[in-house]
Amino acid sequence: MYIQMTDGVPPPPEQSSLDHRIEELERQKEIDDWLPITSSRNAKWWYSTFHNVTAMVGAGVLGLPYSMAQLGWGPGIAVLILSWIITLYTLWQMVEMHEMVPGKRFDRYHELGQFAFGERLGLYIIVPQQIIVEVGVCIVYMVTGGQSLKKFHELACQDCSPIRLSFFVMIFASSHFVLSHLPNFNSISGVSLVAAIMSLSYSTIAWTATAAKGVQEDVQYGYKSGTTASTVLSFFTGLGGIAFAYAGHNVVLEIQATIPSTPSNPSKGPMWRGVVVAYVVVALCYFPVALVGYGVFGNAVLDNVLMSLKTPVWAIATANLFVVMHVIGSYQVSPIT
């Protein structure tokens, strides 16, 4: 930046403004090159597919039959479909907003919040919510990974001595000491791809094994709660379970940030193509598990449909192992913000 001209005359305001803008762009480029989200912007459209599947389809899908039991057939199916449509629509909005300002990419949620609410207020509104969500997600994934690993151990080695859940949680956590050293978001694309395949696999095992078991004797589909108040509370529990299952938008801006963008070919094109494919996979995972699980067990289904299954043992053990592998990938993708 010029301090003064050679003849002692200060630079014109236009030159000062231009120099300041150049300095800002250079500083932003240095930051982008350092951050793991934006240091590599060469992702393909199919990266968007499996990153979104990994972020969205979690162990919450196994609780959908239980949520259906709290809601009943009519409201349950309606909420499932509406949630699929609403979350797809809101995800489309995020994809469009990523580059709504010419020459600017909103790579992280707090940047979009600052644009909407101001530099300071945007941080105060967005960052605390992000922290709450990410801490909660990490805790859920840690516990889920440990529980599934423990269940796999019990089924695969039924004569072995029991091991405390806390040890399995630590075993699960140890894998992330290695994976967390990968340099950027694109470097975990292989892990995310495996996790997406695992989510589709254990969902398929869950509903096919349930369907093979057949509708149980004396199955009931009415509300289990004996009072109006408990029925209402159970209804809201079911809504929360479905909302949790569809909660996968916390990294959509970061996923799109890894896709290259030019004025003639903005990132929203390949990003949206991947999102559409991802939502087809989501539907293939969610709807069969929810409807078949509730149809077979009725309101006696447990909060994890795999726990309602006793046989075949090999299928249940495999599904739990797939859950572990999926949650390892989800843990790496979801807290990337």
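The values are calculated or read from the model by the stated rules, or taken from the named source; none is laboratory data. Computed from a predicted structure; not experimentally measured. Positions of Cβ are backbone-derived with ideal geometry, glycine not excepted, and every protein chain shown enters the neighbour counts. Each accessible area value is taken on the protein alone, full model and side chains, heavy atoms only, with ligands, DNA and RNA left out. Shrake-Rupley method; radii C 1.70, N 1.55, O 1.52, S 1.80 Å.
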Study note, to complete from the structure: Given 166-179, 141-154, the highest-first ranking by average Cβ count within 10 Å works out to 141-154, 166-179
Practice item. With everything on Cα atoms, drop me the angle between helix 73-97 and the longest principal axis of the chain, reported from 0 to 90° to the nearest 10. Key: 10 degrees
Exercise for review: Could you let me know the centre-to-centre spacing of the range 289-332 and the range 97-152, using Cα atoms, in angstrom?
Suggested key: 28 Å
Exercise for review: Please give the per residue accessible area of the range 189-326, computed with a probe of 1.4 Å over protein heavy atoms only, in Å².
Suggested key: 43 Å²
Revision key, fill the gap. Excluding residues fewer than 8 positions from LYS310 in its own chain, the lysines with Cα under 22 Å of it are LYS150, LYS151, LYS213
Study note, to complete from the structure: Rounded to the nearest Å, the spacing of the alpha-carbon centers of the range 78-92 and the range 185-209 is 21 Å
**Study point:** In degrees, nearest ten, helix 313-333 long axis to first principal axis of the chain (Cα)
**Key:** 20 degrees
**Study point:** Extreme residue, positive dipole direction of the chain, given options GLY269, GLN332, GLY118 (C-beta unit charges)
**Key:** GLN332
Practice item. Working from Cα positions, state the angle (0 to 90°, nearest 10) between the long axis of helix 119-156 and the longest principal axis of the chain. Key: 40 degrees
Check your understanding: How large is the charge dipole for the chain, taken about the Cα centre, if only the Cβ atoms of Lys, Arg (+1) and Asp, Glu (-1) carry charge, to the nearest 20 debye?
Key -> 980 debye
Practice item. Using every pair of alpha-carbon atoms in the chain, split the distances into 20 Å bins beginning at 0 and state the percent of pairs per bin, rounded to integers. Key: 28, 51, 17, 4, 1
Review point. Taking the Cα centre of the range 200-337 as origin and charging only Cβ (+1 Lys, Arg; -1 Asp, Glu), how large is the dipole, in debye to the nearest 20?
Key: 200 debye
Review point. Can you give the helix-only mean residue ellipticity at 222 nm for the chain, where every DSSP H stretch with n ≥ 4 adds -39500 (n - 2.57) and the sum goes over all residues, rounded to the nearest 500 deg cm²/dmol?
Key: -23500 deg cm²/dmol
Review point. Leaving out same-chain residues fewer than 8 places away, which lysines sit with a Cα under 17 Å from that of LYS268?
Key: LYS44, LYS104
**Study point:** the range 102-204: mean projected area of Cα convex hull, nm²
**Key:** 9.9 nm²
Check your understanding: With charges only on Cβ, +1 for K and R and -1 for D and E, what is the dipole size of the range 133-239 about its Cα centre, in debye, rounded to 20?
Key -> 80 debye
Practice item. Report the Cys residues of the chain lacking a disulfide-compatible partner, meaning no second Cys Cβ under 4.7 Å from their Cβ. Key: CYS138, CYS285
Review point. In terms of the ratio Rg/(2.2 N^0.38 Å) built on C-alpha atoms, what value belongs to the range 144-195?
Key: 1.42
